[in-house]
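The values are calculated or read from the model by the stated rules, or taken from the named source; none is laboratory data. Treat the numbers as computed from the prediction; the structure is a model and nothing was measured. Cβ atoms come from the backbone with ideal geometry, glycine included; neighbour counts cover every protein chain shown.
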């Protein structure tokens, strides 16, 4: 958000353009949704309840979200999104690891589907 407010194109911050502002709105909304999934799973853990389904949903949604958000951030940064002067370049490269490490997205979907179909 900071960069989009500082980057001036056509005499105004790029955050004032609908395409950028809508990307930012989607990003912040999805991040909030991921945090709510995490809070739900945390509450279940704190109450001693099983959390297999919720933790798989958290991992799947949050890791896929990480890739989407970092991709959108690179889009917002434009050419600067690919140079090492800005950390968004590293976030973009590293985000894919989230969908692979500690259980791939496909494994998380398998866990989720088995849990919901066994009910």
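Summary of values
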read-out	value
Qualifying residue in the range 4-14 (condition: in a helix (DSSP H, G or I) and out of contact with any strand residue (DSSP E or B) (no Cβ under 8 Å at 6 or more places or on another chain))	no
Residue in the range 51-91 that is surrounded by the fewest Cβ atoms within 10 Å (Cβ to Cβ), counting only those that are in contact with a helix residue (DSSP H, G or I) (Cβ under 7 Å, 6 or more places away or on another chain), in a loop (DSSP other than H, G, I, E, B) and without any contact (Cβ under 8 Å) to a residue 12 or more places away in the chain	83
Enumeration of residues in the range 92-119 that are assigned to a loop (DSSP other than H, G, I, E, B), within 20 Å of the chain's Cα centre (by Cα) and free of Cβ contacts under 8 Å to residues at least 40 places away in the same chain	99, 100, 101, 104
Counted residues, the range 25-50 - those being in a helix (DSSP H, G or I), without any contact (Cβ under 8 Å) to a residue 24 or more places away in the chain and more than 12 Å from the chain's Cα centre (by Cα)	10
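This table checks each residue for (1) modelled with pLDDT of 95 or more; (2) within 15 Å of residue 26 (Cβ to Cβ).
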{"residue": "60", "(1), (2)": "yes, no"}
{"residue": "69", "(1), (2)": "yes, yes"}
{"residue": "79", "(1), (2)": "no, no"}
{"residue": "82", "(1), (2)": "no, no"}
{"residue": "89", "(1), (2)": "no, no"}
{"residue": "94", "(1), (2)": "no, no"}
